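The values are calculated or read from the model by the stated rules, or taken from the named source; none is laboratory data. Everything quoted here is computed from the prediction, not taken from an experiment. Cβ atoms come from the backbone with ideal geometry, glycine included; neighbour counts cover every protein chain shown. Accessible surface is based on the protein model in full, side chains and every heavy atom, while ligands, DNA and RNA are left aside. Shrake-Rupley method; radii C 1.70, N 1.55, O 1.52, S 1.80 Å.
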Amino acid sequence: MRYDLIIRGGTCILPWCEAETDIGVVDGKIASIAVEAGAEAAEVIDARGLHVLPGLIDAHVHLRDPGNPAVESIPTGTKAAALGGVATVFDMPNTKPAVTNTEMLRWKQEYASRESWVDFAFYIGATRENTPDLAAYEQFDGVCGVKVFAGSSTGDLMIEDDDGIEAVLRSGHRRVSFHSEDEYRLQARRKEFEVGMPYEMHAVWRDAECAFLGTRRIVALARKTHRPVHILHVSTEEEYKFLQNYRDIATTECLVNHLSQVGPECYHELGGMAVMNPPIRDQRHQDAAWRAVQDGMVDVISSDHAPHSREAKEKPWLECPSGLTGVQTIVPVMLDHVNAGRLWLARLVDTMAAGPARVYGLQAKGRLTVGYDADFTLVDMKARRRISNTWLVTPAGWSPFDGKSIRGWPMATIVRGRTVMREDSVLGEPQGRLACFLP
């Protein structure tokens, strides 16, 4: 048999084991995970010394498009993903204008199909006005699901009350993703804080109880409506302990920053470049997050890539916007955690490939198996590099991990059999496609 592509000699993370084998690709799909000796291909990649992972997925990014291309856009953000070893991204709806209607969904479909370097999906933002239409929007090509901001948003994307959230959960059937901070507690405590206070006050204002209240309310409504929910960026020990008892109705996401940075030290070191929602918390909560990763409680690990300009992030606290860059750095940082013994490579694949596919109903991605899309992330687990702002392609131009020494680095990103990145160089032209989901 002749293949379009053969990846030879890599250590492959298969669904059932880790094995050195040759993978064959035909027409953008995996055709064999045990290519016969002597088989030929139009392209052969020598992966000896490398690990071959399913194409990794960042299921939580804000590419700010439409919005401000001086900060981020679909072309720059997806190029960053490719350079960082990410083969598919799911983009959030809080753009300007927001993705909340048919017009914006159609625009996003067409624009991303022209300009994305990697495969792509997007969330529809829930509002009070579009709630009756959410079931129809779920069926659009490339829609990974519904996003609800139950706290920490502006304008009509905010749905903070029980009646509004319940109405969303009764419209449609796919899993709904939540930013679950409690807006009532946030607003009640706002008067206790002033502009210019230390950045570490961010974690005092948006405290653990704020997140825990939001998650308890949302899970109760999920149980009432029998609608599965996905709790984004879980950040507290209390939430993880609580969610253990609701695995039938609620899945969980953890962010790389909550696994990698600790307050208040990060605020002293980084200032506004450590400010995100929910906040980076103290060691107790980070320890809980790692236990949840290690015992299988975490379904998805994401970056919540949400760039702002350097000038905006240098503003005093409360004027400094929340959000950090991350889509280009998540894979190196997580590989470094693997090398440090905090998780194993198969678990990384579970949370950044198979897990997102399972939670969102993503079709034919997330596993190295015959018939699936030929998406691969090739990594060198022995490579030693240093993350630098000069490596980034996002126009924002900064990372909270700038200067961090890393062991483990993405060497190639392959999307549907096409090599998009090889050894820190992006190749060809944008050819990303809309990802497909179960109806």
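When you check G397 against the structure, is it surrounded by 19 or more Cβ atoms within 10 Å (Cβ to Cβ), under 22 Å from the mean Cα position of the chain (by Cα) and of a type in the set (G, A, S), yes or no? The answer is no for G397.
Which of the residues belonging to region 276-287 are open to solvent by 10 Å² or more (accessible area, probe 1.4 Å) and part of a loop (DSSP other than H, G, I, E, B)? The answer is N277, R281, D282.
If I ask for residues that are of a type outside the set (D, E), open to solvent by less than 30 Å² (accessible area, probe 1.4 Å) and either more than 30 Å from Q139 (Cβ to Cβ) or not in a strand (DSSP E or B) (or both), which ones from region 365-383 would you list? Answer for region 365-383, where residues must be of a type outside the set (D, E), open to solvent by less than 30 Å² (accessible area, probe 1.4 Å) and either more than 30 Å from Q139 (Cβ to Cβ) or not in a strand (DSSP E or B) (or both): K365, G366, L368, T369, A374, L378, V379, M381, A383. In region 425-439, the residues that are within 15 Å of P356 (Cα to Cα) form Cβ pairs under 7 Å with partners that are aromatic (F, W, Y) and assigned to a strand (DSSP E or B), at six or more places apart or across chains, as follows: A435/F120.
Selection of region 241-260 for residues being open to solvent by 20 Å² or more (accessible area, probe 1.4 Å) and either basic (K, R) or in contact (Cβ under 8 Å) with a residue 24 or more places away in the chain (or both) yields K241, F242, Q244, Y246, R247, S260. Number of residues in region 384-419 that are assigned to a strand (DSSP E or B), aliphatic (A, V, I, L, M) and in contact with a Pro (Cβ under 9 Å, 6 or more places away or on another chain) equals 1.
Step by step: first the residues of region 191-217, then only those that are within 29 Å of the chain's Cα centre (by Cα) and of a type in the set (K, R), then the one that is most open to solvent (accessible area, probe 1.4 Å). Which residue is that? The selected residue is R216. In region 12-41, of all residues being touching a helix residue (DSSP H, G or I) at 6+ places or on another chain (Cβ under 9 Å) and assigned to a strand (DSSP E or B), the one that is least open to solvent (accessible area, probe 1.4 Å) corresponds to I13. All but one of (1) open to solvent by 10 Å² or more (accessible area, probe 1.4 Å); (2) within 23 Å of F90 (Cβ to Cβ); (3) out of contact with any Pro (no Cβ under 8 Å at 6 or more places or on another chain) hold for W290; which doesn't? The one condition W290 does not meet is (2). Exactly one residue among D91, D65, D46 is among the acidic types (D, E) and touching a Ser or Thr at 6+ places or on another chain (Cβ under 6 Å), and that residue is D65.
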